[in-house]
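Worksheet: one structure, shown below.
Bear in mind that the values in this text are calculations on the coordinates, not laboratory data. Treat the numbers as computed from the prediction; the structure is a model and nothing was measured. Here the Cβ is made from the backbone with ideal geometry for all residues, glycine too, and neighbour counts use every protein chain on show.
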Amino acid sequence: MRIETLAVHSGRGIDPATGAVTLPIHMSTTFERAADGTYPHGFVYGRSGNPTRSLLEQCVADLEGGASAAAFSSGMAAIMGVLQSLSPGDHVIAPQDLYHGTARLLKEGFARWGLNTSFVDMTDIDNIRQGINPATKLILVETPSNPLLKITDIAAVADIAHQRGVACLCDNTWASPALQRCLDLGADLVIHSTTKYLGGHGDVTGGIVVCAREDDLFREIRRMQQDGGAVPSPFDCWLTLRGIRTLPYRMRAHSENAAMIAAFLDGHPNVAEVYYPGLASHAGHEIARRQMAMFGGMLSFRVNGGAAEARRVAGSAALFTQATSLGSYESLIEHRASVEGPESRTPPDLLRVSVGLENADDLIADLEPALAVTR
Ligand SMILES: *Cc1c(COP(=O)(O)O)cnc(C)c1O
């Protein structure tokens with residue numbers, strides 16, 4: 001089945017008790033044992049498993065073409081679950097422009113626990129090949145990257161990882177399975193911040209890890225989920241599933257709108273540079289064409305005139321809300337360096353845009369006066 005059909009039908013069914021077409025939310029924290037002491041429905045206790053959570057896990061595993069999934073209470077909790085499944089002394093290779101929250105977790109949190117990380121420029125595959133050592137257990141890929149929209153060749157990284165017996169994990173938050181299927185390209189694990197496109201409505205925080213195979217590493221991740229307990233509530237799972245039903249159609253509209261805005265910004269006299277993988281001039285365009293169905297709803301651009309001018313533009317657009325995050329139906333604009341803090345490597349004149357589902361012409365008409373400069 002194709003992705004639109006999976007998004008509608010996976011993890012869904014008619015409620016056998018009532019005939020309800022929309023599935024109920026199972027709030028119970030505990031589940032009855034049969035007279036013989038067994039658990040006839042497979043559920044024991046809310047932390048270790050819940051019917052609504054199982055449906056979400058089934059659905060996202062199907063969308064990614066994976067064997068199984070483990071849902072967490074946030075994207076960072078999902079990443080924590082993966083990292084906690086490694087051991088002291090293990091080595092991780094991560095991209096230089098990794099999501100800043102993940103980078104901070106690796107540098108400040110897990111370094112103290114003996115997990116060593118090398119941050120490399122993954123647009124050059126040789127950096128990964130050279131970065132692998134006997135202790136390397138995981139290569140973390142994030143493409144398109146945040147906030148520079150760099151593209152990494154997932155199939156090439158997975159290939160190198162497997163030659164050396166290392167697991168390859170893709171953070172697929174920005175593309176979603178509607179545009180990019182990392183497991184098909186050879187990755188072993190996919191993670192999502194479901195807070196973004198999967199939830200899609202800016203109203204639920206969550207994360208998920210999907211595996212290609214239920215191997216030892218995934219069993220350890222499942223143990224971290226169930227014993228560690230950073231799990232989403234049943235209502236969170238239900239909201240995320242509801243968002244997923246329309247994911248493939250939303251991703252098309254996000255991508256079409258972003259392509260139009262990127263074309264408008266590209267060549268604008270007050271814009272120094274546009275980062276969008278759909279532009280033929282983008283360094284990763286050819287790889288993106290191979291591994292993505294469309295180019296997604298995220299872009300960033302640099303404003304002529306420096307940080308102050310960029311911040312003025314961000315504050316002048318009316319249809320774009322100045323806020324962090326991405327993947328919801330409304331457009332957001334963000335001065336990224338000031339969110340990332342003093343250690344940020346992001347250019348200070350860069351604005352990141354999460355292009356929403358409004359009409360693209362209205363969005364462009366809104367940016368035009370904001371960019372028409374005062375200097
Ligand atoms: C937002 C985000 C995360 C973190 O997810 P949370 O749900 O905020 O914890 C991780 N990776 C990427 C690429 C993200 O955009």
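Here are some notes:
- Note on the stretch 249-372: Kirkwood radius taken over Cα pairs, Stokes-Einstein applied at 37 °C and 0.692 mPa s, translational D equal to 227 µm² s⁻¹.
- About the centre of its Cα atoms, the chain shows a dipole size close to 400 debye [charges on the beta carbon of Lys, Arg (+1) and Asp, Glu (-1) only; nearest 20 debye].
- Solitary cysteines of the chain, where the nearest other Cys Cβ is not under 4.7 Å: C59, C168, C211, C237
- Under 5 Å, built H, 5+ apart or other chain: amide partners of F72: G207, I208, V209
- Cα-based Rg of the stretch 1-66 normalised by 2.2 N^0.38 Å, two decimals: 1.29
- Computed 3J(HN,Hα) for the stretch 19-26, one whole-Hz value per residue from the Karplus formula 6.51 cos²θ - 1.76 cosθ + 1.60 where θ = phi - 60°, is x, 4, 7, 8, 5, x, 9, 8, glycine and proline marked x.
- Overall form of the stretch 190-250 per C-alpha gyration tensor (a/c, 1.5; a/b vs b/c): oblate
- Amide H partners (placed H, <5 Å) of T136, local residues excluded: H91
- Ordering 329-341, 201-213, 6-18 by mean Cβ neighbour count within 10 Å, with the highest value first, yields 201-213, 329-341, 6-18.
- Packing-based order for 81-93, 104-116, using average beta carbon neighbours within 10 Å, highest first: 81-93, 104-116
- Ranked from largest, the principal axis spans of the Cα set of the stretch 25-133 equal 59, 31, 23 Å.
- For the pair H285 and R312, a Förster radius of 25 Å applied to the C-beta separation gives a FRET efficiency near 0.25, rounded to the nearest 0.05.
- Placing a pseudo-label 7 Å from each Cα along the Cα-to-Cβ vector at A135 and A34 gives an inter-label distance of 5.0 nm.
- Taking other Cβ atoms within 10 Å as a rough exposure proxy, L319, L265 sort from fewest to most as L319, L265.
- DSSP beta bridges in the chain [antiparallel fraction, %, rounded to 5]: 55
- Cβ crowding within 10 Å averaged over residues, with 276-289, 185-198 ranked highest first: 185-198, 276-289
- When all alpha carbon pairs of the chain are counted in 20 Å bins from zero, the resulting P(r) reads 29, 56, 15, 1 %.
- Where only DSSP H runs of four or more residues are counted, the chain gives -9500 deg cm²/dmol as its mean residue ellipticity at 222 nm, each run worth -39500 (n - 2.57).
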